[in-house]
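For reference, the structure discussed in these notes is given below.
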Amino acid sequence: MASFSKSSTTVLIVFLFTVFCTLHNFSVSSFEFEVGGTHGWVVPPANDSKIYNDWASENRFQVGDTVRFRYRKDSVMEVNETEYKRCNSSHPNFFSNNGNSVFRLNQPGPFYFISGVSGHCEKGQRMIVKVMSHEEESPSGDGGGKSSSGSHVAVSSLGVSALVFLQFVLSFVASNVI
């Protein structure tokens, strides 16, 4: 095998370090939130009609996250603010009634969800999800305190791959230089 000179080894290490630092910035993750937890998307009890908005306000939603609605003999709709306030389901942006609906939060800002079954929204089966912009994300990168009612569904960390690759190359270089 060909051996590397010390200068080419230094150049290679600097190059790989640069690649590693660059790839680390492209890490992507999303989070799936289970609306209603174990109870699912149901009409809330009369004494707890704000249960969904209370839950949503305790979570930090980011672009790319998803919300999963599980229900029986019901539906979920994403509507505009006016339709949300009026519990009007005549012009939804999104509609699903399959019992296991997933909605991707594809932009920052508010998303308004209501039940499509007559009378359910008026009884509190509605929710506002506020998706943070990138400027609002926590500086520590920890997701800002996502609750236990969510789960990681997709994590692709190129930074980890680069670290493994860097370790392999450094081992290779060290064995050929020494």
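Each reported figure results from applying straightforward, stated rules to the coordinates on display, with no laboratory input. No experiment lies behind these values; they were computed from the predicted model shown.
If you bin the C-alpha pair distances of the range 38-111 every 10 Å from 0, what whole percents do you get?
17, 50, 33, 1
Mind listing the phi-derived Karplus ³J(HN,Hα) values for the range 46-60, rounded to whole Hz, using 6.51, -1.76 and 1.60 with θ = phi - 60°, and x for any glycine or proline?
4, 8, 9, 6, 9, 4, 6, 5, 4, 4, 5, 6, 8, 10, 10
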